[in-house]
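Worksheet for the structure shown next.
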Amino acid sequence: MMGAKLGTIFARAGHEVVFSYARSEQKLKRLARNAGGKARAGTPREAAQDADAVLLAVHWLRFGDVLKQAGDLSGKVVVTCSMPMNKDNTKLVVAHTSSGAEQLAKKIPRARVVSAFGTVPSEVFFSVYERRRKAIRPSLVYCGDDRKSKNVAARLIRDVGFDPVDAGPLRIARYTEPFTMLIAQLAYEVKGGPKLAYRFERFK
Ligand SMILES: NC(=O)c1ccc[n+]([C@@H]2O[C@H](COP(=O)([O-])OP(=O)(O)OC[C@H]3O[C@@H](n4cnc5c(N)ncnc54)[C@H](OP(=O)(O)O)[C@@H]3O)[C@@H](O)[C@H]2O)c1
């Protein structure tokens, strides 16, 4: 859901995209075909090799496997939208004193990890992209410790149609990840449907 939709939008926004990591290669090829532009299917290693950015959009329990398949990520900008959820996606297994994003950064200490895109449901991405030329855009928080990776993430966030909100260092993912649980509650458990985004406003 996250990788397929964001990858499709990145490709339509003009980026060269490699879809990787699924049990069916046919699915990845179909995604690339439907995305159009400069999109193709590949292995996680091929996706990471020459990439300016890698989007990590897999279940928490798949981190070990996908990172092994991706190979050396030294120096790479790794944008994670993944949440540290238990097997049946009912609760966070890391929270308050750490976050999924920080745990990921520990696993790949030479990569430049930024947390972005995970605070909205995948269902809303195409609607946000379609309305990207409107004056008022929804917000999207992101956080990380590395300026370069944050600039790359902010550009991608803008390309999708959001207004990027820099929330500070990666440890702030301790708060953005539980915030996502609120968004999921509003999207899936409260009347109105899952095409939900949010907007912050500052008053003087
Ligand atoms: N969905 C949302 O709205 C949302 C919102 C915020 C954050 N997130 C987070 O984003 C991450 C991705 O969520 P998602 O909903 O996008 O998940 P998803 O649709 O299930 O996508 C996960 C990807 O991993 C692949 N995969 C799973 N098991 C595999 C295996 N054994 N071998 C190879 N590939 C495998 C899946 O391929 P297959 O086609 O083979 O299943 C799929 O391509 C999660 O950490 C989630 O918590 C999701």
Scan of region 110-134 for residues that are out of contact with any Asp or Glu (no Cβ under 8 Å at 6 or more places or on another chain), closer than 22 Å to His59 by Cβ and in a loop (DSSP other than H, G, I, E, B), ordered by number:
Ala111, Ala116, Phe117, Thr119, Val120, Pro121
Can you name the number of the only condition in (1) assigned to a loop (DSSP other than H, G, I, E, B); (2) open to solvent by 70 Å² or more (accessible area, probe 1.4 Å) that Pro194 fails?
(2)
Going by the conditions given, is Ala101 in contact (Cβ under 8 Å) with a residue 12 or more places away in the chain and more than 10 Å from the ligand (Cβ to nearest atom)?
yes
For region 11-45, how many residues meet the condition of being closer than 20 Å to Leu156 by Cβ, within 15 Å of the ligand (Cβ to nearest atom) and open to solvent by 90 Å² or more (accessible area, probe 1.4 Å)?
1
Can you tell me which residue is surrounded by the fewest Cβ atoms within 10 Å (Cβ to Cβ) among those in region 55-65 that are touching a strand residue (DSSP E or B) at 6+ places or on another chain (Cβ under 9 Å) and under 15 Å from Gly118 (Cβ atoms)?
His59
So if I check each of Ala32, Ala101, Ala47, which one is part of a helix (DSSP H, G or I), in contact with a Leu (Cβ under 6 Å, 6 or more places away or on another chain) and not aromatic (Phe, Trp, Tyr)?
Ala101
For region 50-84 the number of residues that are more than 12 Å from the ligand (Cβ to nearest atom) and either part of a strand (DSSP E or B) or in contact (Cβ under 8 Å) with a residue 60 or more places away in the chain (or both) is 5
Can you confirm whether Pro178 is on the phi < 0 side of the Ramachandran plot, surrounded by fewer than 17 Cβ atoms within 10 Å (Cβ to Cβ) and either assigned to a helix (DSSP H, G or I) or among the acidic types (Asp, Glu) (or both)?
yes
Taking the options Lys27, Lys87, name whichever one is out of contact with any strand residue (DSSP E or B) (no Cβ under 8 Å at 6 or more places or on another chain), outside any loop (DSSP other than H, G, I, E, B) and over 23 Å from Ala111 (Cβ atoms).
Lys27
Those residues of region 108-123 which are open to solvent by 30 Å² or more (accessible area, probe 1.4 Å) and within 14 Å of the ligand (Cβ to nearest atom), in sequence order:
Glu123
Which of (1) within 12 Å of the ligand (Cβ to nearest atom); (2) under 20 Å from Leu6 (Cβ atoms); (3) touching a residue at least 60 places away in the same chain (Cβ under 8 Å) does Leu140 not meet, given it meets every other one?
(3)
Which condition from (1) at pLDDT 95 or above; (2) more than 15 Å from Leu196 (Cα to Cα); (3) more than 14 Å from the chain's Cα centre (by Cα); (4) in a loop (DSSP other than H, G, I, E, B) is the one that Arg137 breaks?
(2)
State which residue pairs qualify: first residue within 9 Å of Thr119 (Cα to Cα) and inside region 167-190, second residue more than 10 Å from the ligand (Cβ to nearest atom) and of a type in the set (S, T, N, Q) in any location, beta carbons under 6 Å apart, and separation of 6 or more residues or different chains.
Glu177/Ser99
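Residues are listed down the side, and each one gets a yes or a no for (1) among the basic types (Lys, Arg); (2) more than 21 Å from Val152 (Cβ to Cβ); (3) under 13 Å from the mean Cα position of the chain (by Cα):
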position	(1), (2), (3)
Val66	no, no, no
Ser82	no, no, yes
Asn89	no, yes, no
Leu92	no, yes, no
Gly100	no, no, yes
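The values are calculated or read from the model by the stated rules, or taken from the named source; none is laboratory data. As the structure is a computational prediction, the values presented were derived from the model and not from experiment. Note that we place each Cβ from the backbone using ideal geometry, even for glycine, and neighbour counts take in every protein chain shown. To get the accessible areas, we keep the full protein, side chains included, count just its heavy atoms, and leave off ligands, DNA and RNA. Shrake-Rupley method; radii C 1.70, N 1.55, O 1.52, S 1.80 Å.
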